[in-house]
């Protein structure tokens, strides 16, 4: 099976984190390449709009690996620089390929929706940012937390929280949160449809574990809206550490309260299918564990 290196590392073992190797692959060698790479743990990514490319992805020994195989013979510098006679800049076929490259022409969602859950200090944002730089395909991160990131915005929006136990006000606030969650989720599902891995930093399901509404009517509405009417991600990843560790990282709340929230997360979300990943140890171990979960979710969504 002849393969010519285009660019990248000379050997897969030298690929940097998040890197890839480009090769030329003769069309006649495609079946053999698919078989050999599948045995080596690589999965082929369907890539609408890239008819002359075949992409292979793997996750091994805590890192992502990607191969971009271009079909055909290696081009010389002279041939690459020479103009092609009669080529039109645009054609219906090239336009369709460009559209397909951005939005796959099919009804199946290719990318997984993965929610990272956990109390303050569990490492959700840090792990999401690390994964965005390490995964060698498109990753979209969406923050679904209610608490704004800037203090002055937090003070302004804090006034929206109901100050009484009025069932009417609490129910209205639940509906407002649902609309806000849908507004943020829709772009994420569009990104997942075209093949991005979508990481959700928090999810409305967390409300069922901590700080539910006070009145019974609002709590029941909350269970219905957040538990049934808002689509559940393909994977719930619960980042877990003790209350003392969580407090030491961010200094928010108290160790006792964080430990109470941690237990509530485990009690409420694990029965709903959440996968628990410990973040008490080295951060790279947590990133590798979440990466493996994402790779399995991607394999379940994509047509390999």
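The values are calculated or read from the model by the stated rules, or taken from the named source; none is laboratory data. Note that the structure is predicted; figures quoted are calculated from it, not measured. Virtual Cβ from ideal backbone geometry, glycine too; neighbours counted across all protein chains shown.
Below is a table of values for the structure above.
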| item | result |
| --- | --- |
| Which listed residue, of 185, 199, 205, is in a strand (DSSP E or B) and touching a residue at least 12 places away in the same chain (Cβ under 8 Å) | 199 |
| Hits in region 193-204 - residues which are crowded, with 22+ Cβ neighbours inside 10 Å and closer than 26 Å to residue 174 by Cβ | 198, 199, 200, 203, 204 |
| Test result for residue 18, under 27 Å from residue 289 (Cα atoms), at pLDDT below 70 and in contact with a strand residue (DSSP E or B) (Cβ under 9 Å, 6 or more places away or on another chain) | yes |
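Each row is one residue, and each column tells you yes or no for (1) within 15 Å of residue 121 (Cβ to Cβ); (2) within 23 Å of the chain's Cα centre (by Cα); (3) in the same structural domain as residue 44 (by TED's automatic domain parsing).
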| position | (1), (2), (3) |
| --- | --- |
| 219 | no, no, no |
| 226 | no, yes, no |
| 255 | yes, no, no |
| 268 | no, yes, no |
| 272 | no, yes, no |
| 278 | yes, yes, no |
| 288 | no, yes, no |
| 297 | no, yes, no |
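Here's the yes/no breakdown for (1) out of contact with any strand residue (DSSP E or B) (no Cβ under 7 Å at 6 or more places or on another chain); (2) more than 18 Å from residue 119 (Cβ to Cβ):
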site	(1), (2)
171	yes, yes
176	yes, yes
181	yes, yes
184	no, yes
197	no, yes
203	no, no
208	yes, no
215	yes, yes
